[in-house]
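Asker: Have a look at this one.
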Amino acid sequence: MTTPKFIRSLILCSLAAVGLAARGEGVLPPAEPREHIVMIGNALGERMQYFAHFETLLHLRFPTQKLYVRSMAHSGDTPAYRPRPGRKSQWAFPGAEKFRPEFAMHLGEGHFPSDDQWLTLNRADTVLAFFGFNESFDGPARVQNFADEVAAFVDHSLQQNYSGRKPPQLVLISPIAFEDLSATQDLPNGKTENANLKLYMEAMREVAANKKVGFVDLFTPTAAWYEAESAPLTINGAHLNEEGYRRLAPYLADALYGQVRSRQRLRPNWCTRW
């Protein structure tokens, strides 16, 4: 005969298995079924394909949504400038050339798709835009130019309909801090780099607030991690290593979607007794 205690235990285990949990606030609503999430921007996003902790965590947190996650990030990209020799143009949107006139020369004669065309092929519902690191080397004098570049990129992106259903959800994601590895490697100590990175991060934050799009600050937490950890979290001060991406994954997922725990973490140990 089935006891009430046994039935209660089965119900609790079932609730745990489907991943029900309290969530904090993120900049995005919960992922929808078959949502297409596409990353663009610099090497921080590009290198996630080699350290797949973030994508794996998304699937764990939304196990029934069958998410589609793709990376179009490419080292050196800025909001306006996307250099590819196989394209007819290196500019990301009409008018982008005014923000990066120093890169006006382009010898490409290719026929490969533009970023907008790729985003359409990928039917992007959500675009995660990693920018600010490359641009920070322009220094304080060009922070306003960067802010204007980001604002123009946001305006252009929100006018698109990559998915065929509606404009994309857009989140601007800041650069990480620069880690001081100068004691063991022939690298800068990061003081100048971090001063510039913070300026460019704040510029992204302000644009996101003005344009009412999502923003995630990765500069502040990574700077704190470097201070707290004895082992390096980057390979060269600028690019995260395996452990760095492991640390980044839950922070970024929480910032985007709130503190949703994965199905595995929700299942109590005592469920295995039944």
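The values are calculated or read from the model by the stated rules, or taken from the named source; none is laboratory data. This one's a predicted model, so the numbers in the text were calculated from it and none came from an experiment. Because the Cβ atoms are built from the backbone with ideal geometry, glycine has one as well, and the counts that use them run over all protein chains shown.
Asker: Would you mention how many residues in the stretch 73-100 are touching a Gly at 6+ places or on another chain (Cβ under 9 Å) and surrounded by fewer than 20 Cβ atoms within 10 Å (Cβ to Cβ)?
Answerer: Total satisfying the criteria: 8.
Here's the yes/no breakdown for (1) modelled with pLDDT under 95; (2) at negative phi:
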{"position": "Ile7", "(1), (2)": "yes, yes"}
{"position": "Leu15", "(1), (2)": "yes, yes"}
{"position": "Gly19", "(1), (2)": "yes, no"}
{"position": "Arg23", "(1), (2)": "yes, yes"}
{"position": "Ile37", "(1), (2)": "no, yes"}
{"position": "Asn42", "(1), (2)": "no, yes"}
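Asker: Any idea which of Leu158, Leu121, Leu187, Leu172 is crowded, with 18+ Cβ neighbours inside 10 Å and at pLDDT 95 or above?
Answerer: Going through Leu158, Leu121, Leu187, Leu172 in turn, the sole match is Leu172.
Asker: Right, next: Is it the case that the stretch 137-148 has a residue that's surrounded by fewer than 20 Cβ atoms within 10 Å (Cβ to Cβ), on the phi > 0 side of the Ramachandran plot and out of contact with any strand residue (DSSP E or B) (no Cβ under 8 Å at 6 or more places or on another chain)?
Answerer: yes
Conditions (1) more than 20 Å from Asn236 (Cα to Cα); (2) not aliphatic (A, V, I, L, M), marked per residue:
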position: Pro33; (1), (2): yes, yes
position: His36; (1), (2): yes, yes
position: Leu44; (1), (2): no, no
position: Met48; (1), (2): no, no
position: Phe51; (1), (2): no, yes
position: Thr64; (1), (2): yes, yes
position: Leu67; (1), (2): yes, no
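Asker: Moving on. Which members of the stretch 215-240 meet the condition of being outside any helix (DSSP H, G or I), in contact with a Ser or Thr (Cβ under 9 Å, 6 or more places away or on another chain) and either of a type in the set (D, E, K, R) or over 17 Å from Asn42 (Cβ atoms) (or both)?
Answerer: Of everything in the stretch 215-240, those that are outside any helix (DSSP H, G or I), in contact with a Ser or Thr (Cβ under 9 Å, 6 or more places away or on another chain) and either of a type in the set (D, E, K, R) or over 17 Å from Asn42 (Cβ atoms) (or both) turn out to be Asp217, Pro232, Leu233.
Asker: Quick check on Leu248: is it surrounded by 20 or more Cβ atoms within 10 Å (Cβ to Cβ), under 30 Å from Pro168 (Cβ atoms), in contact with a Pro (Cβ under 7 Å, 6 or more places away or on another chain) and at pLDDT 95 or above?
Answerer: No: the conditions fail for Leu248.
Asker: Does any residue of the stretch 78-99 turn out to be among the acidic types (Asp, Glu) and more than 23 Å from Ala152 (Cβ to Cβ)?
Answerer: There is no residue in the stretch 78-99 that is among the acidic types (Asp, Glu) and more than 23 Å from Ala152 (Cβ to Cβ).
Asker: Among the residues of the stretch 190-217, which ones are of a type in the set (A, V, I, L, M, F, W, C) and surrounded by 21 or more Cβ atoms within 10 Å (Cβ to Cβ)?
Answerer: Result: Leu197, Met201, Ala203, Met204, Val207, Ala208, Val216.
Asker: Right, here's the next one. Among the residues of the stretch 141-149, is there at least one that is acidic (Asp, Glu), in contact with a Pro (Cβ under 7 Å, 6 or more places away or on another chain) and part of a helix (DSSP H, G or I)?
Answerer: Yes, because at least one residue in the stretch 141-149 is acidic (Asp, Glu), in contact with a Pro (Cβ under 7 Å, 6 or more places away or on another chain) and part of a helix (DSSP H, G or I).
Asker: Restricting attention to the stretch 46-90, which residues are of a type in the set (Phe, Trp, Tyr) and either in contact with a Ser or Thr (Cβ under 9 Å, 6 or more places away or on another chain) or in a loop (DSSP other than H, G, I, E, B) (or both)?
Answerer: Tyr50, Phe51, Phe62
Asker: From the list Leu121, Leu107, Leu181, which one is on the phi < 0 side of the Ramachandran plot, over 19 Å from the mean Cα position of the chain (by Cα) and in contact (Cβ under 8 Å) with a residue 24 or more places away in the chain?
Answerer: Working: Leu121 fails: in contact (Cβ under 8 Å) with a residue 24 or more places away in the chain; Leu107 fails: in contact (Cβ under 8 Å) with a residue 24 or more places away in the chain.
Step by step, each of Leu121, Leu107, Leu181 is checked, and only Leu181 is on the phi < 0 side of the Ramachandran plot, over 19 Å from the mean Cα position of the chain (by Cα) and in contact (Cβ under 8 Å) with a residue 24 or more places away in the chain.
Asker: Okay, next question. Here is a list of conditions, (1) within 21 Å of Ala208 (Cα to Cα); (2) free of Cβ contacts under 8 Å to residues at least 40 places away in the same chain; (3) polar (S, T, N, Q), and Ser71 meets all of them except one; can you say which number that is?
Answerer: (1)
Asker: Output the number of residues of the stretch 93-133 satisfying the condition of being under 28 Å from Asn196 (Cα atoms), of a type in the set (Gly, Ala, Ser) and part of a loop (DSSP other than H, G, I, E, B).
Answerer: Adding up the residues that qualify gives 3.
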